[in-house]
Every structure is written in structure tokens, then in C-alpha cells.
Amino acid sequence: MIEIDDLSGWRDAASAARASGRRVGLVPTMGALHAGHRRLIETATAAGDWVLVTIFVNPRQFDDPEDLARYPRDLGADRLTASAAGADCLVIPRTRDMWPDGPENTSTTVHVAGLGDLYEGAQRPGHFDGVASVVAKLFAITGPCRAYFGEKDYQQMTLVRAMARDLGFDVDVVSVPIVRDEDGLALSSRNVLLSAEGRRRALHLPAALADVAAEPACASQMRERVRSRLADAGLEVAYVEVVDPVTLTALDDHAEGEARVLGAIVVDGVRLIDNVAVHVKGGA
Ligand code: AMP
């Protein structure tokens with residue numbers, strides 16, 4: 001695995017891989033790599049791609065400075081994980097190269113209206129502008145590729161797909177299913193910030209989602225079942241919505257067919273998100 005920290009080296013390495021007949025598989029991350037990230041890298045490797053992993057804790061997508069300050073970082077372990085999962089190239093760009101005028105003073109922003117304003121976007125002002133802007137830059141530097149995104153961040157994956165299409169990037173966005181711990185909690189770099197008790201309480205989220213996925217119902221029934229379980233457990237619910245899997249618009253009880261339940265809670269001051277595929281039955 002080669003390691004690169006400058007933009008021209010990164011651009012050249014991806015071009016050279018394509019010139020040698022390989023397809024580039026891009027895996028964007030913020031580091032503190034766990035088995036969820038590993039699955040993205042392994043999926044790209046299994047598809048035969050020349051796999052380029054990026055690690056960049058993008059300050060522009062943090063709406064809370066404290067969240068940025070305490071975001072876990074472990075580059076030593078990340079190098080080992082990326083290499084063991086089969087990555088060909090690890091790119092750790094510098095903030096001054098990604099945002100030459102500084103994260104606060106960069107004048108160019110990519111805003112995905114609609115998709116970026118819902119759910120996570122509504123509660124974390126500027127978050128998806130930061131995400132769309134950094135991913136657009138990753139795509140611009142990497143060039144034509146397949147880009148692997150986890151369904152764990154379902155709204156982000158949907159938004160990136162829309163952005164790539166709207167701006168004409170030659171990038172095929174591939175979604176990878178959620179990897180969970182044995183107890184059901186979706187793996188997240190933020191899980192290390194939970195207390196043992198917080199983690200135990202957080203398990204109500206994946207459990208409630210699994211329950212509604214197992215039992216077809218109309219959208220409002222599913223939403224209320226998840227909400228009431230979380231509320232009964234004394235959890236702070238950021239949102240729970242049953243949405244169209246492509247447009248992410250909230251569904252009413254006329255909806256019938258494939259849907260996604262998106263949920264977010266705050267435990268020990270840590271924001272946790274999760275989601276599940278469901279089948280809604282038209283009720284009203
Ligand atoms: P992050 O480092 O949190 O920005 O995540 C980088 C990529 O890994 C994103 O595409 C995430 O959706 C994906 N990812 C994070 N956690 C998981 C997980 N538990 N299962 C699958 N993909 C994940």
C-alpha cells in the first residue's frame with residue numbers, strides 16, 4: 001500500500017492506475033477505521049478495483065466544534081487496517097491543501113437542496129454542505145472511479161449520488177450494507193465515546209428498527225412504534241421518519257412498497273444514526 005499526502009501525487013496515482021487498465025475504487029472516510037470501513041474496502045477489492053482510501057476529518061462538515069475536537073483519530077491503527085483490508089493507496093490530505101483559504105473562508109460550497117435540508121441536514125446546519133463540498137473535491141481529484149459509501153449514512157449516500165449525477169462526475173456510487181456489532185449497534189467511530197450504560201440504552205434504536213422491519217405495517221404505525229419505544233426507554237429522539245428510499249420524502253399511509261426507516265438519537269451527548277429497509281403496507 002502506498003501512502004500519499006499531496007493532491008498532485010493523489011491525482012497522478014489514480015491516473016496511473018487507470019492507464020494500467022485498472023478501475024479505481026474510492027473509499028472516503030474520516031479515519032478511526034472499524035469493520036464498517038473495512039467492509040467498504042473489501043467490497044471494492046473483491047470487485048477488482050485499485051482501491052484508494054482517503055482519511056480526512058473534514059472540518060467543514062462539523063456543525064459543533066466540540067464534536068470535531070473529540071472526533072476519534074488513530075492514524076497508526078488506520079494504516080494497518082486499510083492495508084490488511086487490501087487498500088492499494090492511502091491518501092491523508094492536509095487541511096491546507098483541501099481548503100487553501102481555511103475551512104471557514106472557502107467561498108465555494110456545493111449545496112444539495114431538498115435532500116440536504118431534511119433530517120440530519122435540518123438538525124445540523126451546514127453539515128451536508130460540508131459533506132457535498134468535500135466529496136465533490138475528492139471526486140474531482142480522483143477522477144473517474146467507483147465510490148463506495150455505507151448505507152449506515154443513508155441520507156449521505158443518497159445525497160452524494162444526486163450530487164455526482166447533477167454535476168456530471170464520472171463516478172459510480174456503490175452502496176454497501178450496514179455492518180453491526182454483535183449486539184446490533186451499527187458500527188460507528190463515535191461508539192467509543194459511549195459509556196457502558198449509554199451503549200446499553202442505545203441498543204433500543206437498532207432493536208426498534210429490526211422489529212418494524214420484521215412486521216409489515218403502514219408508515220405512521222412504524223414511525224410511532226419506533227418513536228414510542230425510544231421515548232419509553234428515556235432516550236432523546238432527534239427524529240424517526242419512514243421515507244421513500246430514493247427521494248427520502250416522508251411517506252404517508254397511502255404509501256405501499258419498499259421504504260426506509262431513518263432514526264437518530266442522542267446518548268451521552270453523542271449523536272447516533274441508524275436505518276433499516278422496510279416494506280410499508282398502504283393503510284389509509
Ligand atoms: P465515516 O468515516 O464515518 O465518515 O464513514 C466513512 C464511510 O464508511 C461512509 O461511507 C460510511 O457510511 C461508511 N460506514 C461507516 N460506518 C459504517 C457501518 N457500520 N457499516 C457500513 N458502512 C459504514
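Some points to look at:
- Sorted from longest to shortest, the spans of the Cα atoms of the chain along the three principal axes equal 56, 39, 38 Å.
- Packing, taken as the mean count of other beta carbons within 10 Å per residue, orders the peptides 129-138, 239-248, 172-181 from highest to lowest as 129-138, 239-248, 172-181.
- Relative intensity, log₁₀ I(q)/I(0), of the range 180-284 from a Debye sum that treats every alpha carbon as a point, q = 0.11, 0.14, 0.24 Å⁻¹: -0.32, -0.51, -1.25
- Computed helical MRE - 222 nm, the chain, DSSP H runs ≥ 4 contributing -39500 (n - 2.57), nearest 500: -11500 deg cm²/dmol
- In this label model, Glu236 and Glu3 are separated by 3.7 nm, measuring between points 7 Å along each Cα→Cβ vector.
- Protection-proxy order for peptides 191-197, 259-265, 104-110, each taking the mean of Cβ atoms within 10 Å per residue, highest first: 259-265, 191-197, 104-110
- The C-alpha atoms of the chain define a longest principal axis, and helix 75-84 lies at about 90 degrees to it.
- Between 0 and 90 degrees, the angle of helix 127-142 with respect to the longest Cα principal axis of the chain falls at about 30 degrees.
- In the range 127-284, a dipole from Cβ-located charges (positive for Lys and Arg, negative for Asp and Glu) runs towards its positive end, and of Leu193, Tyr148, Val171 it is Leu193 whose Cα lies farthest in that direction.
Just so you know, all these numbers are worked out from the coordinates, no wet-lab data involved. Since the model is a prediction, treat every value here as computed from it, not as a measurement. Virtual Cβ from ideal backbone geometry, glycine too; neighbours counted across all protein chains shown.
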